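The values are calculated or read from the model by the stated rules, or taken from the named source; none is laboratory data. Please read these numbers as outputs of a predicted model, since none were measured by experiment. Here the Cβ is made from the backbone with ideal geometry for all residues, glycine too, and neighbour counts use every protein chain on show. Quick note on the areas: whole protein, heavy atoms, side chains included, nothing else; ligands and nucleic acids left out. Shrake-Rupley method; radii C 1.70, N 1.55, O 1.52, S 1.80 Å.
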Amino acid sequence: MRWLDYPFYRILLFLIAGILFSRFIEVDSTLFIYVICGAVLCAMLVLLIGRFTFGFKAVFALSVYSFFFFIGGAHLYFQNELGSDHFIKKQTQGQDHVLQLKLSQRLTPNKFNDRFYAQVLALDQEAVSGNTLVLFKRADSLGYKVGDRLTVYDDVNLPAFARNPGDFDYRKYLKSIDVYGQVYVDKPRILNYTSGEGDLGFLLQLRKTILNKLAKSGLRNRPKAMIEALVLGQRQNVDPEVTKSFRDAGVIHILALSGLHVGIILLILRFLTRRLLRLKYGRWIQSAVLVILLWSFALLTGMSPSIMRAVTMFSFVAVGMNLKRKGSVYHSLTLSAFVLLLLDPRLLFQVGFQLSYMAVFSIVLIQPVISGLWVIPRKNWLTSVARKLWGIFTVTLSAQIGVAGISLFYFHQIPGLFIFGNMLLLPILPLIIGASLLLIILLMIDLPSLWLATVLNYILEWIIRIVGKISSYDDFILKDIHLTLAETILGYVALFSFVLFVLPYFKRSKRERFYLKKPNWMLHLSVVSLVLLFGIKGFESYSSSKDRFLVLHQATGSAVSVSNKTNAVLFTDLHVMDSTRAFNSLNRLKAIENNRGKELVLDSLKNVVGYKGDQLIVIDENGVYNTEIKNATVLLSHSPKINLERLILDLNPKLIIADGSNYRNVVNTWKATCDKMNVKLLNTYEAGAIEVN
């Protein structure tokens, strides 16, 4: 199959190219409108004239591709434009407002907070639009649910941006999913509460009923939480330690309801509806039933973005499987991606979308090559089992190879023992999902189910222990591997070019698995990509020799980084934190861009830090400083009680820096004093890491 012979592949490529064009190149919106209208007119003229010569065909093709290119760009442009009624345009930063919120999606809670995405319905009694992140203290035990409405008196904070070099840009991530701002709600700030239980649809009421019955089913806490995650997409009750062990073992996708689970459910539903194939137009009837059931399942789980992507993908796959045509899987993937991006082009930049399609694409493309390396003949039951295990191994390895680049780009680590966890869990996952669904059915119709709950308790506790054991081998987790966007793209070009080069050599034959064929140019592209990749890495290594002296941002703490080409020193003062938070903060600070690939030394923050003639005077909560050092940079740490005017007269500082350990109101007071004294003050809350020079 030559992919680009099918129009939809080319159309999808131009749609994606247009989205990327709009993301990275600023263009006036009228250009999109003019080109789209021009493309439609050209295509209509060609159809009206009806002369399908080579020239007219070329004009028609160019018009269609231009149309989808600029449709993608225009759609992204206008989706990123906030309406005049958006709450972020109405509120004043740092000022309290009366906010009316409707909780729309529950997120996995962290150690301190329950987290929701919420619609902002009104601000100071004025109707507004937009979504925000809402956080409640877990200590308050409020127990809010999706659909609940709240009136709170609070301010909307801007989420953290990448304040230190190489930090994750949380603000940018939330913006990519249409969430602006975050609200930390304290219990006394809640003015009114209305339960949203009556507003829930039938399927969400059904989900609530299922969750209540599971709570009384005899399941232990950890197995119950796993079943809620596996079947209903509710991960909020999963123990954080269990989540961490699954992540470190490389099987976190087992817990995250996504394409893997939807694919298994699709196979179960195909088996249960197989008798429909005996009817006239049975394939189409079964396809329609499967699509309806899949979308009902999506609504039952709450229509999270990952489920919406997976159900869209497998809706097309369900139809494609019944068509039984060569290449139908490729076409199904292409159509599902096209529909999703046409509905929301911002999905292209979401890591979940990228991982989902890269995993499936890699399985489709790479798995035939790996499986072709060893063809197991089908002789007896033993070889049949070996074939099944080999198939699971090749699928797992293909998917992991495909998503490795994206995982390194976003998460900077790969679990080295992923193959063991997947080989263990994937064969029994369909049985676990099937048994979990059977348990839910038995509970709903009030048939004896304790026996099945007991079996699931034993199996799921065993799985948790095994996964915990695998994840305990920290030495096999490849950590702190950082790739740039260019390096990631070149790596994928090199990988898939090589796969496309060797793919034609593999035949699906019992007798012959490899044959020689005329070489194609994909090998050249792969080699060129590798040369460019290593060239970029070499240039980065050469350019990283710049000396840097930075005051870093750290909430409720202070940190200073000094680095050159080969060495780095990290000075920290985290004494007000508890041990867990200090440990996590230190690990994050150690991973900043300046420290990567260098010999790192940790030290406590001194009163004076100097590097190559530049001096930094650190004044902490004790308020003590050396008046003999003049014209240096001053770092104010942990809100010292000082007379700033006298300090300025004593030290004549060229710059004053306030870091994240200081109270915001104190920083504002210092800012006013510095403006009056004509001294520059920067704070890391707003400026991020600040260079000392």
**Request:** Take segment 212-247 and flag every residue that is of a type in the set (Gly, Ala, Ser) and over 18 Å from ILE433 (Cα atoms).
**Result:** SER245
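Over 18 Å from LEU552 (Cα atoms) and surrounded by 13 or more Cβ atoms within 10 Å (Cβ to Cβ): is that true of VAL609 in this structure? Spell out the reasoning first.
Details: over 18 Å from LEU552 (Cα atoms): no; surrounded by 13 or more Cβ atoms within 10 Å (Cβ to Cβ): yes.
Judged against the criteria, VAL609 is not a match.
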**Request:** Look at segment 461-502 and say how many of its residues are touching a residue at least 60 places away in the same chain (Cβ under 8 Å), assigned to a helix (DSSP H, G or I) and of a type in the set (Lys, Arg).
**Result:** 0
**Prompt:** Any idea which of (1) at pLDDT 90 or above; (2) under 43 Å from the mean Cα position of the chain (by Cα) is the one GLU686 doesn't satisfy?
**Reply:** (1)
**Message:** Which residue is modelled with the lowest pLDDT, if the candidates are limited to segment 46-57 and must be open to solvent by less than 50 Å² (accessible area, probe 1.4 Å) and assigned to a helix (DSSP H, G or I)?
**Reply:** GLY55
**Message:** Could you check segment 147-164 and list, in sequence order, the residues that are in contact (Cβ under 8 Å) with a residue 12 or more places away in the chain and either open to solvent by 40 Å² or more (accessible area, probe 1.4 Å) or under 20 Å from LYS175 (Cα atoms) (or both)?
**Reply:** ARG149, TYR153, ASP155, VAL156, ASN157, LEU158, PRO159, PHE161, ALA162, ARG163, ASN164
**Request:** Kindly list the number of the only condition in (1) modelled with pLDDT of 85 or more; (2) over 24 Å from LEU426 (Cβ atoms); (3) crowded, with 16+ Cβ neighbours inside 10 Å that fails for LYS224.
**Result:** (2)
**Request:** Identify the residue in segment 432-457 that is of a type in the set (S, T, N, Q) and over 13 Å from LYS216 (Cβ atoms) and, among all such residues, is surrounded by the fewest Cβ atoms within 10 Å (Cβ to Cβ).
**Result:** THR454
**Which numbered condition ASN584 misses (of (1) open to solvent by 60 Å² or more (accessible area, probe 1.4 Å); (2) out of contact with any Lys or Arg (no Cβ under 7 Å at 6 or more places or on another chain); (3) touching a residue at least 24 places away in the same chain (Cβ under 8 Å))** = (3)
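ASP603 - would you say it is in contact with a Phe, Trp or Tyr (Cβ under 9 Å, 6 or more places away or on another chain) and more than 30 Å from GLY166 (Cα to Cα)? So that I can check it myself, show each step before the final result.
Details: in contact with a Phe, Trp or Tyr (Cβ under 9 Å, 6 or more places away or on another chain): yes; more than 30 Å from GLY166 (Cα to Cα): no.
Taking the combined requirement at face value, the residue does not satisfy it.
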**Message:** I need the helices (runs of 4 or more DSSP H) fully contained in segment 363-460, keeping only those with at least 1 residues that are within 25 Å of the chain's Cα centre (by Cα) and without any contact (Cβ under 8 Å) to a residue 12 or more places away in the chain.
**Reply:** 381-411
**Message:** Six or more apart or on different chains, Cβ atoms under 6 Å: show the pairs whose first residue is in segment 72-94 and hydrophobic (A, V, I, L, M, F, W, C) and whose second is part of a loop (DSSP other than H, G, I, E, B).
**Reply:** PHE87/VAL128; PHE87/GLY130; ILE88/TYR180
**Complete:** In segment 80-110, residues that are farther than 21 Å from TYR173 by Cα and charged (D, E, K, R) total 4
**Prompt:** Within segment 67-82, is there a residue that is under 24 Å from ARG346 (Cβ atoms), in a loop (DSSP other than H, G, I, E, B) and modelled with pLDDT under 85?
**Reply:** yes
**Request:** Please note which helices (runs of 4 or more DSSP H) are completely contained in segment 272-356 and include at least 2 residues that are among the β-branched types (Val, Ile, Thr) and open to solvent by 40 Å² or more (accessible area, probe 1.4 Å).
**Result:** 282-300, 328-343
**Prompt:** Condition test on ASP620, is it of a type in the set (Asp, Glu) and either in contact with an Asp or Glu (Cβ under 6 Å, 6 or more places away or on another chain) or closer than 27 Å to ASN594 by Cβ (or both)?
**Reply:** yes
**Request:** Could you tell me whether VAL242 is under 30 Å from LYS479 (Cα atoms), open to solvent by less than 60 Å² (accessible area, probe 1.4 Å) and touching a Lys or Arg at 6+ places or on another chain (Cβ under 7 Å)?
**Result:** yes
**Request:** Identify the residue in segment 529-578 that is under 28 Å from ALA687 (Cβ atoms), free of Cβ contacts under 8 Å to residues at least 60 places away in the same chain and of a type in the set (D, E, K, R) and, among all such residues, is least open to solvent (accessible area, probe 1.4 Å).
**Result:** GLU540
**Fill in**
Going through segment 134-146 in order, the residues found to be open to solvent by less than 30 Å² (accessible area, probe 1.4 Å) and in contact with a Lys or Arg (Cβ under 6 Å, 6 or more places away or on another chain) are LEU135
**Request:** Check segment 482-499 and report whether any residue there is of a type in the set (Val, Ile, Thr), open to solvent by 50 Å² or more (accessible area, probe 1.4 Å) and within 25 Å of ASP239 (Cα to Cα).
**Result:** no
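Within segment 361-384, which residues are under 15 Å from THR394 (Cα atoms) and open to solvent by 40 Å² or more (accessible area, probe 1.4 Å)?
Initially, segment 361-384 is screened for residues under 15 Å from THR394 (Cα atoms), giving 361-376.
Listed by number, the residues that qualify are PHE361, ILE363, LEU373, TRP374, VAL375.
Take the residues in segment 183-193 that are open to solvent by 20 Å² or more (accessible area, probe 1.4 Å) and out of contact with any Phe, Trp or Tyr (no Cβ under 7 Å at 6 or more places or on another chain), then tell me which one is farthest from GLY302 (Cα to Cα). Give the derivation first.
Of segment 183-193, the ones open to solvent by 20 Å² or more (accessible area, probe 1.4 Å) are 184, 186-193.
Narrowing the set further to residues that are out of contact with any Phe, Trp or Tyr (no Cβ under 7 Å at 6 or more places or on another chain) leaves 184, 186-188, 190, 192-193.
Values: TYR184: 24, ASP186: 26, LYS187: 26, PRO188: 30, ILE190: 26, ASN192: 25, TYR193: 22 Å.
Among them, the one singled out is PRO188.
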**Fill in**
Inside segment 402-427, the number of residues satisfying the requirement of being open to solvent by 50 Å² or more (accessible area, probe 1.4 Å) and among the β-branched types (Val, Ile, Thr) is 0
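Would you say LEU123 is open to solvent by less than 40 Å² (accessible area, probe 1.4 Å) and either under 27 Å from the mean Cα position of the chain (by Cα) or modelled with pLDDT under 90 (or both)? I'd like the intermediate steps shown before the answer.
On the way: open to solvent by less than 40 Å² (accessible area, probe 1.4 Å): yes; either under 27 Å from the mean Cα position of the chain (by Cα) or modelled with pLDDT under 90 (or both): no.
For LEU123, the condition - open to solvent by less than 40 Å² (accessible area, probe 1.4 Å) and either under 27 Å from the mean Cα position of the chain (by Cα) or modelled with pLDDT under 90 (or both) - is not met.
The rows are residues; the columns are (1) open to solvent by 60 Å² or more (accessible area, probe 1.4 Å); (2) touching a Lys or Arg at 6+ places or on another chain (Cβ under 9 Å).
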| residue | (1), (2) |
| --- | --- |
| ILE19 | no, yes |
| ILE33 | yes, no |
| MET44 | yes, no |
| ALA61 | no, yes |
| SER66 | no, no |
| GLY83 | no, yes |
| LYS89 | yes, no |
| THR92 | yes, no |
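Output the number of residues of segment 21-30 satisfying the condition of being open to solvent by less than 70 Å² (accessible area, probe 1.4 Å) and either under 21 Å from LYS172 (Cβ atoms) or in contact (Cβ under 8 Å) with a residue 24 or more places away in the chain (or both).
Initial filter on segment 21-30 (open to solvent by less than 70 Å² (accessible area, probe 1.4 Å)): 21-22, 27, 29-30.
The next check asks that each one be either under 21 Å from LYS172 (Cβ atoms) or in contact (Cβ under 8 Å) with a residue 24 or more places away in the chain (or both); those that pass are 21-22, 27, 29.
Residues in segment 21-30 being open to solvent by less than 70 Å² (accessible area, probe 1.4 Å) and either under 21 Å from LYS172 (Cβ atoms) or in contact (Cβ under 8 Å) with a residue 24 or more places away in the chain (or both): 4 in total.
Out of curiosity, is ILE71 surrounded by fewer than 16 Cβ atoms within 10 Å (Cβ to Cβ) and either under 30 Å from ASN237 (Cβ atoms) or in contact with a helix residue (DSSP H, G or I) (Cβ under 8 Å, 6 or more places away or on another chain) (or both)? Lay out the reasoning, then the answer.
Working: surrounded by fewer than 16 Cβ atoms within 10 Å (Cβ to Cβ): no; either under 30 Å from ASN237 (Cβ atoms) or in contact with a helix residue (DSSP H, G or I) (Cβ under 8 Å, 6 or more places away or on another chain) (or both): yes.
In short, no.
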**Prompt:** With respect to the numbered conditions (1) over 41 Å from the mean Cα position of the chain (by Cα); (2) open to solvent by 30 Å² or more (accessible area, probe 1.4 Å); (3) of a type outside the set (Phe, Trp, Tyr), which one is the sole condition not fulfilled by ASN665?
**Reply:** (1)
